[in-house]
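A quick write-up on the structure given underneath.
The values are calculated or read from the model by the stated rules, or taken from the named source; none is laboratory data. Computed from a prediction, not measured in an experiment: that's the story for all the values here. Glycine gets a Cβ as well: all are built from the backbone with ideal geometry, and neighbour counts include every protein chain shown. Side chains included, ligands, DNA and RNA excluded: accessible areas come from the protein's heavy atoms. Shrake-Rupley method; radii C 1.70, N 1.55, O 1.52, S 1.80 Å.
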Amino acid sequence: MALLRRKRDDQHPEAVPAPNSIPMCDAAPRQRVCVAGKVVRMTARPTSGQPALAVSISDDTGTVTAVWTGRREIGGITLGRRIAISGVPVKRGDHLEFTNPDYTLLPR
């Protein structure tokens, strides 16, 4: 999937949305969706004795968590980085969680 790049204007620092992404508040559990936002938290946490990387991604409408099992880090994913993820989220408490979603690093 090719991403269109748009030159950012310093007077209008709005982020360019990812193609086919929806606002996080519109994401529904157990339906394939694509959301995009900024990485606001990263945690390496073991799950069933295996390493796992949990990343909280936020946009103006909400926050979701993406968990990649078997990984402690993923190159390019850092705090403040814009990212798009797609997959099927499940409801965990009061938020949505994606397990091993596809991801695309977006221009800053």
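Could you order the peptides 21-28, 79-86, 46-53 from most to least packed, using the average number of other C-beta atoms within 10 Å per residue?
Working: 21-28: 15.0, 79-86: 17.2, 46-53: 11.8.
Per-residue mean Cβ counts within 10 Å order the peptides as 79-86, 21-28, 46-53.
Tell me, what ³J(HN,Hα) does each residue in region 102-108 have, in order and in whole Hz, if you take phi through Karplus 6.51 cos²θ - 1.76 cosθ + 1.60 with θ = phi - 60° and put x for Gly and Pro?
Couplings: 6, 9, 9, 6, 9, x, 6 Hz.
Take the solvent-accessible surface of the protein heavy atoms, probe 1.4 Å, and return the percent of it on region 11-108 that carbon and sulfur atoms account for.
Values: 2700 of 5720 Å².
Within region 11-108, the accessible surface is 47 percent carbon and sulfur.
Over region 29-105, give the accessible area per residue in Å² for a 1.4 Å probe, as an integer. Kindly include the intermediate steps, with their values, before the conclusion.
Values: 4240 Å² over 77 residues.
Counting only protein heavy atoms, the per-residue value for region 29-105 is 55 Å².
Using modelled backbone amide H atoms (1.01 Å from N, in-plane), which distant-in-sequence or interchain residues come within less than 5 Å of ASN100's amide H?
VAL67, TRP68, THR69
Apply the Karplus parameterisation 6.51 cos²θ - 1.76 cosθ + 1.60, with θ equal to phi minus 60°, to every residue of region 38-50 and state each ³J(HN,Hα) to the nearest whole Hz, in sequence, with x for glycine and proline.
10, 6, 10, 7, 9, 9, 8, 9, x, 10, 6, x, 9
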